[in-house]
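Each reported figure results from applying straightforward, stated rules to the coordinates on display, with no laboratory input. Just so we're clear, the structure is a prediction, and the values are computed from it rather than from any experiment. Here the Cβ positions follow ideal geometry from the backbone for every residue, glycine too, while neighbour counts run over all protein chains shown.
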């Protein structure tokens, strides 16, 4: 690898021309990079080594220096050789870089850095990759290419201070070399990027060659009969204020390290588990079917360490983690799950490095989420750890369907049901003890849901501020189901267009006297009315006793317009078959007739979503239908938890047109 030589040097005077006059900044929060999942090749980017050390910004002005970590802690005394080297410079400058310890091959060694106490412990180096302020001028608004030109000309001259070079080599080869050398990975930076303090930028990207992560220590174990000071560290990462368990570390430290770690943990010992759930530290594994008994000691989650691992399981647990060292440059509450962004999203698919060696499985359908034996399980869904509990609890007693069966169903149909739930506030109908147990509605989730759940505020008639739950992804759906919300009940509109429903609906609701055969007849008459108007309607079983018919509106008309249109349709249906239908709102005025309900077309009204389970015997599903299926012999229970998934995969989403362009209501209304 040879450093790029295409960037021309530029004197300090250039900063005075291009930079903005600015007072000396006492602190600048460092700009951060976004982790991506694949390497890429593209013009206009530079590539550097990702150094495995401590991020450090140096603030030198009028002979006074502060060498600060990314969380504003002083490195002045700890890394005194670098401090002294920078202070000898006669300039006034702010630099950004990484402090590392190099081994005999010139490769950064984080373990050595963590244990560094004096120059006898290794070669300390400050790799500088950016310059933010110089001689009274703010440079952060300049393109990175210009900042690097200024940096090259003004880097303090000292053996312990080095420029972090960019290299003229293919990214694929670069990544391979860094992997073989044991380096953490590479950095890709857009030459035109400005410096935005405290921002995790998509113009600075991290591509890892070896998997590493910071974690927070929440406890330690001591195996029965062990001679070690402790057997493993129990670690986690924060997600919106909650510490999620990610595994236990049992390798990577020697006796000296264990003594130091234990001395830091002892003052933090607590009696209560700090994780969102108590991990099973004695859980058997394929390689250790009979694990030893372990004593667990919990500690306040204050200490941060770095770990290497082979992969993250679908449950969000690290495989084969190994301790790399303690981190003094990060606060525990800053340690979050670092999920790689799609390279395609950031720089475009056409620029990804081609993978010629493997082929992905195509058209792979989801299998079940939860295994059939464990009573509680933690699964990582969309980057969120969800603790699924009481999985063997029977929700449908006659058929013996359990909470596990319900969760597995929603996991498998999530991609189909999500479009009808996404960004639509929910009224949760919770059945924590199954369909025969006591149920209750829950609209308000204020202070009751994890922070990653999206909420929509509303105010009660008493003036109390509350919040609806708003699903956004698969994790949201499974979170609701885990609360015992057997059915999913969305608004007809989204929070983006609250006053404009996406669909108009007719709800054919039979009385005990009319029965389901009359529902089928009424549905056919409704179709005749719609056909006469040139309107496409889409039927589905309600999953309870009736049939719903949806008409796409494309969020172009108000609820008042929608309800008026539905009323005209309902009136026509009632006019054709008055002997067994009614459009009377009050039950006592319907005379036990089938109710052609158009009043569901109002703000905040909810109805069971397509593909939703219903809390009824047999575990029926609200299933979209072909019109030819709406015929004599059709039964609500034809579509249930045991056969719905196979049907949906075979037929696809029959309701997809409901979210399409929508009808021209003005044109249609002229036909009445």
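Summary of values
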item: Stretch gain in nm, segment residue 558-residue 635, where the contour uses 0.36 nm per residue and the Cα spacing is subtracted; result: 24.3 nm
item: Highest to lowest packing among 83-89, 400-406, scored as the average C-beta count within 10 Å; result: 400-406, 83-89
item: Between helix 255-265 and the chain: long-axis angle, C-alpha atoms, 0 to 90°, nearest 10; result: 60
item: Residue order, fewest to most beta carbons within 10 Å, for 375, 306; result: 375, 306
item: Centre separation in Å (Cα based) which lies between the stretch 173-204 and the stretch 610-672; result: 49
item: Principal-axis tilt of helix 403-417 within the chain, Cα atoms, nearest 10 degrees; result: 90
item: Residue 460 versus residue 157: modelled label distance in nm, points set 7 Å from Cα along the beta carbon direction; result: 7.4
item: Taking the stretch 187-272 and dividing mean pair separation by its residue count, relative contact order in percent (alpha carbons under 8 Å, at least six apart); result: 17
item: Relative contact order %, the chain, counting alpha carbon pairs below 8 Å whose residues are six or more apart; result: 10
item: Estimated 222 nm signal from helices in the chain, with DSSP H stretches of n ≥ 4 weighted -39500 (n - 2.57), rounded to 500; result: -5500 deg cm²/dmol
item: Modelled label reach - residue 439, point 7 Å along Cα→Cβ, the stretch 630-672 residues with backbone N closer than 17 Å; result: 636-637, 640-641
item: Neighbour-count order for 184, 224, 374, fewest beta carbons within 10 angstrom listed first; result: 224, 374, 184
item: For the stretch 392-490: span of alpha carbons on each principal axis (Å, largest first); result: 44, 30, 20
item: R0 of 56 Å, Cβ-Cβ distance residue 121-residue 472: FRET efficiency to nearest 0.05; result: 0.70
item: Simple spin-label estimate for residue 41 and residue 290 in nanometres, 7 Å along Cα-Cβ; result: 5.6
item: Contact order normalised by residue count of the stretch 12-208, Cα under 8 Å, 6+ apart, percent; result: 33
item: Full-extension gain in nm, residue 283 to residue 202, via 0.36 nm per residue minus C-alpha separation; result: 25.2 nm
item: Sites residue 90 and residue 24 - FRET efficiency at Förster radius 22 Å, r taken between beta-carbons, to 0.05; result: 0.90
item: Nearest 10 degrees, 0 to 90: helix 144-154 Cα axis against the chain principal axis; result: 10
item: Likely footprinting exposure, 74, 427, fewest C-beta neighbours within 10 Å first; result: 74, 427
item: Separation of alpha-carbon centers, the stretch 558-578 and the stretch 60-119, rounded to whole Å; result: 75
item: Separation of the residue 628 and residue 664 label points, Cα + 7 Å toward Cβ, nm; result: 3.0
item: Span from the the stretch 461-476 Cα centroid across to the the stretch 511-527 one, whole angstrom; result: 35
item: Length released on extending from residue 72 to residue 266, taking residue separation times 0.36 nm less the Cα-Cα span; result: 67.3 nm
item: Förster-model FRET efficiency, 30 Å R0, residue 599 and residue 398, C-beta, rounded to 0.05; result: 0.35
